Amino acid sequence: MAEVEETIKRIQSQKGVQGIIIVNAEGIPIKSTLDNSSTVQYAGNVHQLLMKARGVVRDIDPQNDLTFLRVRSKKNEIMIAPDKDYFLIVIQNPTE
Amino acid sequence: MSNTTVKQKRTALKVVKSSKTLNVSSGVFRVNQSITKTINPSISGKSFSSASDSKVLDKSLAQTPKHTVQVFDEHGQDVTPHPLYNPDPGVLQPKQGKIFPAHDTSWTTMTDFPSVAFQTTNASFTGPFTKSFFGSVSASRTSQTTESVTDETKELLVKPDLSSSLSDVQARREEVKEQVREDIMDRVVDSYLTETETIWLLDIPAVSVSEDSGDAEAVKERNNAYTELCKNRHGNDKYVERSMQTFNDAPKTKEVQSDSITMVDKAVMSTTWDMYDSFCNKGDVSENTVVSAEGNKATVPDSSSMSHLLNPSGPDQSMSVFSTTSTVSGSSARLEKMTCVLPVEEEPDLELILQSDKFKQDLAVMERVVLANIFQPKLAAYRQLPVIEDPDCVQTQIEEESWTEQSKNSLSPFLEHLWVFKCELTKGRNVSSMTWNKKNPDLLAVGYGQLDFKDQKPGLVCCWSLKNPTWPDRIFHCESGVTALDFSACNANQLSVGLYDGTIAIYNVQTTEQTPIIDSSDCTNMHACPVWQLRWVDHDTGLAGEDKGEMLISVSGDGRISKWIHYKGLECVDLMKLKSPNMIVNNQRWNPKILSLAPGLCFDFHPNDSKIYLAGTEEGHIHKCSYSYNEQFLETYKAHTGPVYKVTWSPFCPDVFLSCSSDWTIYLWRQELSKPVLGFTSGQKVVFDIMWSPHCATVFGAVREGKVEIWDLRVSSLDPTIVSASSPGVNPTALLFTPETDCVLVGDSEGQVTVYKLKNLPAGDSTQVEVLEDVIQTTLSSQHTLGKTDRDA
C-alpha cells in the first residue's frame with residue numbers, strides 16, 4: 001500500500017505531470033490530484049473514449065484487449081491505463 | 001368522296017378538324033386533308049344539353065382516325081377530350097348488340113358506338129384483303145345504325161363518317177396499291193392471312209328485345225304476367241304487408257382503467273466482441289446475473305480477474321460488489337445506470353483497487369510512460385536513434401543553443417552527458433560495481449558499498465532499468481557493503497552479490513523479496529575477507545562432467561580464488577590460493593604450513609580459453625593461472641608497485657590484457673611477455689577501474705580519482721583522447737561500457753551513475769584489431785631498438 005502511494009507520489013513529482021486520476025469501474029473518480037470539476041470532466045470523457053477504443057480493438061479481434069491509450073494533444077498528453085475494475089489517468093505536459 | 005354537311009338546329013359547339021398523320025401497322029395511310037369536312041352536329045333533346053354530351057360527341061368525332069378533332073365549347077376553350085381507348089387497328093371488332101338503345105341507358109353505349117365506328121373504320125384500314133368482309137360489316141353497321149338511331153343527329157353523324165371513311169379508304173387503298181407495285185415489282189411477297197380469335201371488349205346485354213326477334217313473344221308474355229301479378233297484389237290475401245320494429249335500448253357508458261403502460265426504450269448494440277464474450281462466458285453464469293438488469297447479457301467477470309482480486313486480503317462480501325461492478329465489460333452507453341448492489345461497500349472498493357497487483361503494474365507502466373516522455377531525447381541518443389524534436393513543444397531557446405553549440409564547436413571527441421541514475425536512496429553511497437544483465441540489455445545492476453575499511457555501512461544493490469532513471473526497479477538491502485556483482489548468463493535472473501564481510505549471496509531479481517535465494521554465510525569455507533570480484537564463468541570446453549555449466553568464481557581478500565557450487569547450499573572449492581611470492585624470498589621452499597596469501601583483488605578469465613585466468617593481487621603481481629592446476633601459477637607478471645585493482649583481457653586481441661593499479665599506472669601486457677608493452681599514466685591519481693571498449697580494440701576507458709578518461713590508442717598512447725573531469729569532491733569509482741551502443745556509464749562516490757555518450761570518437765569499420773597489433777608491434781620494436789624494457793611516463 002505504501003509502495004503504491006510512493007509510486008503515485010513519484011509520478012506526481014515527475015516533470016510536467018499535471019494530474020493523476022484513478023477512476024473506478026463505474027466512472028466515479030476515487031482518487032485525484034486535480035480539482036473536483038476537472039476531475040469529473042476528465043473521468044467522464046475519458047470513460048467514453050475508453051469504451052469506444054476498447055470496442056474498436058475488440059471488434060477487430062475479440063481475443064485482443066486494450067492495454068494502454070495515449071492521447072497527445074497540443075498542450076499536453078493524456079495517458080490512460082484501463083482495466084476491468086478501474087482506470088488510471090495521468091495528464092502530462094512533457095515540454096514545460 | 002361525298003361530303004355531306006349536317007345541318008344543325010342548335011349550335012352548341014364548333015368542331016374544327018385538322019389533319020393528322022396516322023401510322024397503321026399494315027401500311028402508311030396518309031390522311032388527306034381534303035377529306036376534312038365540317039361536321040356540325042346538331043344537338044337536340046335533353047340528352048345533349050349538358051357538357052358531358054358534348055364530350056361524348058367529341059369522342060365520337062375525335063376517334064375517327066381521319067381527322068383530329070378539336071372541340072371548343074361555347075366559351076371558346078379547347079375541351080378536346082383525349083381518347084380513352086385506342087384500339088389496335090388489326091383487332092376485329094367485338095360482337096355488337098343493339099347500338100342505340102333507349103336514351104336513358106345509352107351513355108355507355110354511346111361511347112361504345114363511336115369506338116365501334118372507329119373500329120369499323122380502322123378495320124377497314126387494316127388491309128386490302130379484308131376489304132370485302134369489312135365492307136359488308138360496315139355496311140351492315142350502317143344499316144343497323146340507321147335502323148336503330150332514333151336521333152337523327154346521330155344518324156347523320158355516323159353515316160357521313162362511315163361513308164366518307166369508306167370511300168376514303170377505297171381511295172387510299174388505290175393510291176397505296178399503285179405505290180406498292182412500283183416499288184416491289186420484281187419481288188414476290190408472301191402474305192399470310194390469319195384470323196385472330198374473337199376478342200371481347202365489352203358486352204352489355206341489352207335489356208330490351210326487339211319486336212322482330214324470336215323470343216319477343218315469350219318476353220311479352222312474361223311482361224304481361226308480371227303486370228298481372230302486380231295488379232293482383234292489391235287486395236290479395238296471399239300478400240300481406242307486415243312491419244317490424246326493433247327496440248333501441250338506452251346506451252350506458254362504461255369505463256375501465258388500467259395501469260399506465262410504461263414504455264422503455266431498449267437498445268442493444270451487438271458487436272463482435274460482445275458475441276465473443278457471451279460465447280466464452282456461457283458456461284460461467286453464476287450469481288452475478290443479479291445486477292445486470294439492463295445489461296445486454298449476463299456478463300460475468302473473467303475468472304482470472306476474480307482470482308487476482310481474491311488474492312489481496314479483502315472482505316468476502318465486497319467480492320460480490322466487485323463482481324457485479326465489473327460486469328461493465330461491454331455496454332458502452334450504460335455506465336450511468338450501472339447499479340451497485342451493495343452500496344455500503346464503497347470504502348473497500350478503493351482499497352482493493354489500490355492494492356491489486358494489476359494496479360501496481362499499471363502504475364509502473366504509467367511511470368515509465370511518463371518518464372519516456374521526459375527522457376525521450378536522451379534515450380533516443382542512447383540508443384543511437386535520431387533525436388526527433390517535439391513539434392508542439394515551445395522550446396526554451398537558451399537550452400537548445402548551448403547544447404548545439406557544444407556539439408558544433410567541438411569536433412573533437414567528448415563525452416555527452418545523457419542522464420544520471422540516482423535517487424535519494426543512493427545518495428551518499430559509493431558505487432562499487434556495475435554490471436549489465438546478460439539477457440536484457442536495458443537492465444543494470446549497481447552495487448553500493450564502501451571500498452575501504454572505514455565508513456562501512458549496510459550495502460545496497462539496485463537494479464535500474466533504462467526506462468526509469470529516477471527510481472530503481474529493484475532494491476535489495478544488504479547487511480554489509482557490496483563489493484562485487486555479476487549477473488548469471490545461464491539464469492539471467494540470478495544476480496550474485498559479493499559483500500564486504502565475505503558473504504556471497506545470490507538474488508533472484510524477478511521478485512522484490514529482500515532475501516537472497518542462497519547465501520554463503522552457512523558455508524564453512526566462506527571467505528573471511530571482502531569478496532572483491534565475482535564472475536559467472538561458463539566452462540564448456542572439455543572438462544569433467546560435474547564441471548560443466550556455469551560456475552561462480554570469486555576472489556577475495558583472504559587470497560583464495562574459489563569456485564562456488566549451488567548444491568543444497570553454497571559450497572565452495574578453492575581453485576587457487578594466491579600465495580605470496582614473498583615466501584620465496586626466504587630462499588626456502590614453499591612451506592605449506594605457513595600460508596601467507598596475498599589478498600586477491602581481481603581476476604579475469606580468458607575470453608577464448610576459459611581455463612586460463614589472470615589474478616591480480618594487492619602486492620602488485622599479476623598471476624596467470626590455470627583452472628585445472630591449482631598448485632602453481634603458470635606465470636607471474638610483475639610491474640605494478642601497488643595493488644592491482646583491475647585486470648582485463650582484451651576482447652579482440654587474444655594475447656593482450658590491461659591492468660590498472662593504485663600506483664597511478666595502467667599497463668598493457670602481452671601474454672607471452674613478462675614485461676608490459678605500454679604504460680599509460682596521466683597525472684598522479686589512483687586508477688580505480690578500467691575496461692576495454694566492446695566495440696573498438698584500441699579504445700579503453702579508465703576511471704581515476706577525479707577524472708574519467710577514454711584512451712584511444714590509434715590517436716595517441718601518451719594522452720587520453722577524452723578526459724572528463726568530474727565535480728570536485730566526487731570521485732568516479734566504476735566504469736562500464738555498454739555492450740550495444742557507444743555509451744559509457746560512470747559510477748561515482750556520491751551514488752550517482754552517469755550515462756555518457758561517446759561523441760566524435762573515430763569509429764572504425766572493423767574492430768581495429770590490426771591497429772592494436774600494429775601499435776604493439778611498433779612499440780615493441782622501438783623498445784627493442786632503444787633497449788628499453790618498459791616505459792614510464
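The values are calculated or read from the model by the stated rules, or taken from the named source; none is laboratory data. This is a predicted model, so every value here is computed, not measured. Heads up, the Cβs are rebuilt from the backbone with ideal geometry, glycines too, and the neighbour counts pull from every protein chain shown.
Taken together, B:Ala505, B:Ala484, B:Ala489, B:Ala445 contain a single residue that is surrounded by fewer than 16 Cβ atoms within 10 Å (Cβ to Cβ) and either in contact (Cβ under 8 Å) with a residue 60 or more places away in the chain or touching a Pro at 6+ places or on another chain (Cβ under 8 Å) (or both), which is B:Ala489. Checking region B:677-692 against the condition returns a match, with at least one residue being over 29 Å from B:Asn430 (Cα atoms) and either part of a loop (DSSP other than H, G, I, E, B) or touching a residue at least 24 places away in the same chain (Cβ under 8 Å) (or both). Residues in region B:327-358 that are more than 25 Å from the chain's Cα centre (by Cα), facing chain A (nearest Cβ under 7 Å) and either in a helix (DSSP H, G or I) or at pLDDT 50 or above (or both): B:Asp349, B:Leu350, B:Ile353, B:Leu354, B:Gln355. For region A:24-43, give me each residue that is within 10 Å of chain B (Cβ to nearest Cβ) and in a strand (DSSP E or B). If the condition is that a residue be within 10 Å of chain B (Cβ to nearest Cβ) and in a strand (DSSP E or B), then A:Asn24, A:Ile30, A:Lys31 are the ones that fit. A single entry from B:Val755, B:Val708 fulfils the requirement of being assigned to a strand (DSSP E or B) and under 48 Å from the mean Cα position of the chain (by Cα): B:Val755. Checking the structure you have, find out if any residue of region B:518-541 is surrounded by 14 or more Cβ atoms within 10 Å (Cβ to Cβ), among the small types (Gly, Ala, Ser), at pLDDT below 80 and within 21 Å of B:Gly459 (Cα to Cα). Yes, region B:518-541 contains at least one residue that is surrounded by 14 or more Cβ atoms within 10 Å (Cβ to Cβ), among the small types (Gly, Ala, Ser), at pLDDT below 80 and within 21 Å of B:Gly459 (Cα to Cα). Would you mind stating whether A:Ser73 is under 20 Å from B:Glu367 (Cα atoms) and loosely packed, with under 15 Cβ neighbours inside 10 Å? Taking the combined requirement at face value, the residue satisfies it. The set of residues from region A:37-77 being within 14 Å of A:Ile22 (Cβ to Cβ) and in contact with a strand residue (DSSP E or B) (Cβ under 6 Å, 6 or more places away or on another chain) comprises A:Thr39, A:Tyr42, A:Ala43, A:Val46, A:Leu50. Being surrounded by fewer than 16 Cβ atoms within 10 Å (Cβ to Cβ) and either at the interface with chain B (Cβ under 8 Å from one of its Cβ atoms) or assigned to a helix (DSSP H, G or I) (or both) holds for only one residue in A:Asp59, A:Asp65, and it is A:Asp59. The set of residues in region B:448-461 that are of a type outside the set (A, V, I, L, M, F, W, C) and either under 18 Å from B:Tyr382 (Cα atoms) or without any contact (Cβ under 8 Å) to a residue 24 or more places away in the chain (or both) comprises B:Asp452, B:Lys454, B:Asp455, B:Pro458.
Can you say whether A:Arg10 is part of a helix (DSSP H, G or I), buried (at least 19 other Cβ atoms within 10 Å of the Cβ) and at the interface with chain B (Cβ under 7 Å from one of its Cβ atoms), as far as the supplied structure shows? No, not satisfied. The residue list B:Asp302, B:Asp265 contains one member that is of a type in the set (D, E, K, R), at pLDDT 85 or above and closer than 29 Å to A:Met51 by Cβ, which is B:Asp265. In summary, A:Val46 fulfils each of the numbered conditions (1) at the interface with chain B (Cβ under 9 Å from one of its Cβ atoms); (2) within 11 Å of the chain's Cα centre (by Cα); (3) surrounded by 15 or more Cβ atoms within 10 Å (Cβ to Cβ) with the single exception of condition (1).
Reported count of residues in region A:13-23, each being part of a strand (DSSP E or B), surrounded by fewer than 18 Cβ atoms within 10 Å (Cβ to Cβ) and facing chain B (nearest Cβ under 7 Å), is 0. Taking every residue in region B:217-233 that is surrounded by 11 or more Cβ atoms within 10 Å (Cβ to Cβ) and pairing it with any residue that is not in a helix (DSSP H, G or I), at least 6 positions away or on another chain, the pairs with Cβ-Cβ distances below 6 Å are B:Val219/B:Val209; B:Arg233/B:Tyr239. Would region B:707-726 turn up any residue that is over 25 Å from B:Pro762 (Cα atoms) and of a type outside the set (Phe, Trp, Tyr)? No, region B:707-726 has no match at all. Among the residues of region B:365-387, those that are over 25 Å from the mean Cα position of the chain (by Cα), among the aliphatic types (A, V, I, L, M) and within 7 Å of chain A (Cβ to nearest Cβ) comprise B:Leu371, B:Ile374.
Residue pairs whose Cβ atoms lie under 6 Å apart, separated by 6 or more positions or on different chains, with the first residue in region A:60-85 and within 16 Å of A:Gly27 (Cα to Cα) and the second of a type in the set (Lys, Arg) and not in a strand (DSSP E or B), are A:Asp83/B:Lys358. Selection of region B:669-690 for residues being closer than 23 Å to B:Met434 by Cβ and crowded, with 22+ Cβ neighbours inside 10 Å yields B:Phe680, B:Val687, B:Phe688, B:Asp689, B:Ile690.
Scanning region A:69-96 for residues that are among the hydrophobic types (A, V, I, L, M, F, W, C) and at the interface with another protein chain (Cβ under 7 Å from one of its Cβ atoms) turns up A:Met79, A:Ala81, A:Leu88, A:Val90.
So is B:Ala216 modelled with pLDDT under 85 and over 30 Å from B:Leu84 (Cβ atoms) or not? The answer is yes for B:Ala216.
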